[in-house]
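The values are calculated or read from the model by the stated rules, or taken from the named source; none is laboratory data. This structure is a prediction, so every number in the text was calculated from the model and none was measured. Here the Cβ is made from the backbone with ideal geometry for all residues, glycine too, and neighbour counts use every protein chain on show.
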């Protein structure tokens, strides 16, 4: 039964990560990031107990909330715009398809190296790492860069959960996730010349 949930989580990761590549509105990006952390939580539960896995999803939701609250208070609407090439949705879907094909080809060998972490866990983690790197390579928008970094870190946390069960490491990775969100939030504020809208 848990294996079925793991593969549902992998499918959710594919949907959310491709959605993050295609989404233009920051509200959709924050929502998809939050759903992505739920899928990550399901995959982490394959190797960690519920308490340690809950730390990851709560830290992820808090990070998404930090970015969302910061972005909602900014007055400059130009922060939504992407000024870098390529902008076409078809190109982004094609690039995401290449990542999926590469992940499908490398999952068996990586799963063997990772002491049989499980195909679903390995596939989900490699998808997040690949899609996060793809996201980082296609944008200069501060919010999108922060989301890309958090996606890559999520993939690393999933694969790391299969080999290490330390509570201290789980807490440290949660602090890094929150730190990325705080740095992204600060850079969003610093890059907005108009500042925060008055209430």
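Tabulated results
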{"quantity": "Criterion violated by residue 117 - all others in (1) touching a residue at least 24 places away in the same chain (Cβ under 8 Å); (2) buried (at least 20 other Cβ atoms within 10 Å of the Cβ); (3) in a helix (DSSP H, G or I) satisfied", "calculated": "(3)"}
{"quantity": "Of the criteria (1) part of a loop (DSSP other than H, G, I, E, B); (2) more than 21 Å from residue 34 (Cβ to Cβ), which one residue 103 fails", "calculated": "(1)"}
{"quantity": "From 151, 106, 123, residue being touching a helix residue (DSSP H, G or I) at 6+ places or on another chain (Cβ under 9 Å), closer than 21 Å to residue 12 by Cβ and surrounded by fewer than 22 Cβ atoms within 10 Å (Cβ to Cβ)", "calculated": "106"}
{"quantity": "Residue 35 without any contact (Cβ under 8 Å) to a residue 40 or more places away in the chain, in contact with a helix residue (DSSP H, G or I) (Cβ under 8 Å, 6 or more places away or on another chain), surrounded by 15 or more Cβ atoms within 10 Å (Cβ to Cβ) and part of a helix (DSSP H, G or I)", "calculated": "yes"}
{"quantity": "Scope region 184-199; condition in a helix (DSSP H, G or I) and either in contact with a strand residue (DSSP E or B) (Cβ under 7 Å, 6 or more places away or on another chain) or at pLDDT 95 or above (or both); matching residues", "calculated": "188"}
{"quantity": "Which listed residue, of 112, 139, is surrounded by fewer than 21 Cβ atoms within 10 Å (Cβ to Cβ), closer than 16 Å to residue 20 by Cα and modelled with pLDDT under 95", "calculated": "139"}
{"quantity": "Residue check for residue 90: in contact with a strand residue (DSSP E or B) (Cβ under 8 Å, 6 or more places away or on another chain) and over 20 Å from residue 42 (Cα atoms)", "calculated": "no"}
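Here is a yes/no grid of residues against (1) surrounded by fewer than 15 Cβ atoms within 10 Å (Cβ to Cβ); (2) part of a helix (DSSP H, G or I); (3) without any contact (Cβ under 8 Å) to a residue 40 or more places away in the chain:
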{"position": "4", "(1), (2), (3)": "yes, yes, yes"}
{"position": "24", "(1), (2), (3)": "yes, no, no"}
{"position": "28", "(1), (2), (3)": "yes, yes, yes"}
{"position": "46", "(1), (2), (3)": "no, no, no"}
{"position": "52", "(1), (2), (3)": "no, yes, no"}
{"position": "57", "(1), (2), (3)": "no, yes, yes"}
{"position": "61", "(1), (2), (3)": "no, yes, yes"}
